[in-house]
Every structure is written in structure tokens, then in C-alpha cells.
Amino acid sequence: MPIKLAILGLDTIQRDWLDAVAQLRDAGEIELVGVGHRTAALARDVADAVHAPAFDELKRLLREGSPQVILIDRPANVPLEFITLCIEQDVGLLSLGPIVNNYGEAQALAEMLEPRTHLLYTWPQFADSFAWKQCAQADEYLRPIKFASMSWLGLNHALAKTSGRTESIVRSLSVLAWDAITTLVRLMDAPTSVYASIRGTVATGDAFTDISGSASLTLRFPDDVTASVTLSDRVETHRELLVLGQTGSLRLDGNRYSFCDADGKVIEEGSSSRETGVDQALGTLRRFIEQYQSQPSPHRGWEHRLEVIASVMEAMVVSHRTGSAENPEKFRDLRR
């Protein structure tokens, strides 16, 4: 029986996701029950593109569409209460970028979710790339990790519209930052300080969503481990990670990896063919639906680490404003 899926907040430029949804519907894997957006006109535009009903009111979308999962690129008119209502009703959320706007929202949502959950998946996730999965066992040979360098690049919606690109685009730099920080937290746990400089637009208040432009981050971790992160939503999508450890190094992007010993000799390397944006979206949707429908188990779903990642995001914004390094733990302490 097809699973009921709704779309919320996507732009018509996100053709890879819209085409993936259409393919799953044509294959009988989903029933597309509705489209919502921050305005009725935007909802109709997307609904016309995928041939689905448009809803101009969020609760009507839940009540009348009765979706089991929602593909969401959270628009400005979606309050946290709607997100928590979805979780309360066991509606799964596949979020294109951070599902929360600030640390307070992350804390509230984390209280509702199990540490590992099938109800929330945030795309993109470098940990689900071919190269990361191939190197999943390599980090035990690299530890203790001494240094990491990351370059996380992507093209935002506005530039995609002018360039004609529709694959693997992101709403803003915030989407790239969330994935980059998630990757570092998986590697080295929570940082003790964040220094950030952002060239572009930064949201007001404590919001860390919809930062746009380019940024440079330096993060420190326990035992004098350091990471350098470059972010930009101004260029074509590319993610590259270099990890230096006690006994060697690991260099990888989404499709290639190279594991070297301390002398620089290649021990293992590999690559895969690049998937199209539609293929990536299809795979992500299918994995999410599979986990959502699977039987309960300790391995079902994904770790979200909402509070840790959101505190680093907030530290990034505050550091940019103050010109000083900030400890993410401070923001978690303030709200305990």
C-alpha cells in the first residue's frame, strides 16, 4: 500500500526532489496527498508542477491530506508548533536543511524525540555518501584524530534560478553548515569553541537559518584537536573532507576516498560514479520511507544530535557578531 506523502515549502527550482516524488508516485510507492507553502500562490505553483492538491492552511494539510510523511523545506510561516504536532501524530519529516531555527527550538524538539529516531531525517548528510560508508571502519586506524579540514560548497536557490541549475541546490549556507557540523560531531563529538567569520547575510536574533554567503570557521575540540571549515552557497555543490590522524590521513568527497599511511603511501582508495540529483533524491526518499515503515528496533532511524548541532550553529552566529570564539556549551547551559 503506498505511503501518503505531502510536500511543504519546496521551491519549483528544486526539480530533483519534485521529479523524484513524481517517479515514486508513478511507481505506486507513494500517494501524493497535498502541497503547502508560505503563501497560497506558491503552494499552487508547486502543486501544478507535481499535479497534486494545494493547501493554503497548514492544519488543513494535516487534517484533510492525512500525510504519513512530509518532505519539508521549512518555510517562514511554519511555526515550531506545527513541527511538534507532526511528531505527536507520528508524521515523519524529511527535512531539506535544519528543521529548527535556533537552539531553543532544537531543545524543545529533542525532548519529543528518541536520540535515534525514524521521524526525522535532515538532508544532506555526508555520512550517507558512498565514500563515508566505504571508510566507516577506517577511522579506528586514524584515531586519535589531530586535525580536520572541510570545504562544503553549494548553490543557493536564487543563484540556481539565474544559472538554470536544478540539482543538489540548497536553500542557504545554513544547510551546508548544519551538514558540515553534523559530520564533525560524528567524527569528534562536540567542539569546545567556535570562531566564525561570515561574509554575507546573517539572520537577526538567535536564528541561524537562512544565513547566505560564505563563511570560515575554526573549531577546537578536546585534546587540542582543530578543524577548519569553509562554507559557501555561491558555487556548484562540492563537499571535501581531509582528516589527519596519528597513523595516517583520509581524504574523501561524496564519490571518492583515499586512505594513506603516515608516510603518505596510499593504503586503499576507491570511487563510484556520480549520481544525478534525481537519483540522490530518490534514494534518500526511499531510505526514509523504509526506515519509517520498518519494525521498531534499536537500529531504526538516525541519531539527530539536535541540541549539540544547534548549539554549535548558534555559537557560529554569535562568534561572527562578537569577533570572538564562543563555547557552544554556554548556550546549552543558559537553557538548562
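The values are calculated or read from the model by the stated rules, or taken from the named source; none is laboratory data. Quantities reported herein were computed from a predicted structural model and do not represent experimental measurements. Don't worry about glycine lacking a Cβ; one is built from the backbone with ideal geometry, like all the others, and counts go over all protein chains shown. Keep in mind that these areas ignore ligands, DNA and RNA; they rest on the heavy atoms of the full protein, side chains included. Shrake-Rupley method; radii C 1.70, N 1.55, O 1.52, S 1.80 Å.
Annotation note: of S212, S193, S232, the sole residue that is in contact (Cβ under 8 Å) with a residue 60 or more places away in the chain, of a type in the set (G, A, S), under 26 Å from D128 (Cβ atoms) and open to solvent by 10 Å² or more (accessible area, probe 1.4 Å) is S232.
Residues in segment 1-33 that are in a loop (DSSP other than H, G, I, E, B), under 22 Å from Q293 (Cβ atoms) and of a type outside the set (D, E, K, R): M1, P2, A27, G28. Scanning segment 1-35 for residues that are in contact with a strand residue (DSSP E or B) (Cβ under 6 Å, 6 or more places away or on another chain) and touching a residue at least 60 places away in the same chain (Cβ under 8 Å) returns I3, K4, L5, A6, I7, L8, G9, L24, I30. Of all the numbered requirements in (1) surrounded by fewer than 22 Cβ atoms within 10 Å (Cβ to Cβ); (2) within 30 Å of Q291 (Cα to Cα); (3) in contact (Cβ under 8 Å) with a residue 12 or more places away in the chain, S149 misses one, and that requirement is (2). On the stretch given as segment 16-49, residues that are at pLDDT 95 or above and basic (K, R) total 2.
When residues in segment 80-113 are screened for being in contact (Cβ under 8 Å) with a residue 40 or more places away in the chain and open to solvent by 40 Å² or more (accessible area, probe 1.4 Å), 1 of them pass.
Would you say T237 is closer than 30 Å to G270 by Cβ, buried (at least 16 other Cβ atoms within 10 Å of the Cβ) and in contact with a Lys or Arg (Cβ under 6 Å, 6 or more places away or on another chain)? For T237, the condition - closer than 30 Å to G270 by Cβ, buried (at least 16 other Cβ atoms within 10 Å of the Cβ) and in contact with a Lys or Arg (Cβ under 6 Å, 6 or more places away or on another chain) - is not met. Across segment 156-181, the qualifying residues are those that are in a helix (DSSP H, G or I) and of a type in the set (S, T, N, Q), and the one among them that is modelled with the highest pLDDT is S174.
If the condition is being open to solvent by less than 40 Å² (accessible area, probe 1.4 Å) and either within 21 Å of M1 (Cα to Cα) or free of Cβ contacts under 8 Å to residues at least 12 places away in the same chain (or both), then segment 36-60 contributes V50, A52. Answer with yes or no whether L5 is over 21 Å from the mean Cα position of the chain (by Cα) and of a type in the set (A, V, I, L, M, F, W, C). In short, no. Checking the stated criteria, V185 turns out not to satisfy the condition of being closer than 24 Å to Q14 by Cα, of a type in the set (V, I, T) and open to solvent by less than 50 Å² (accessible area, probe 1.4 Å).
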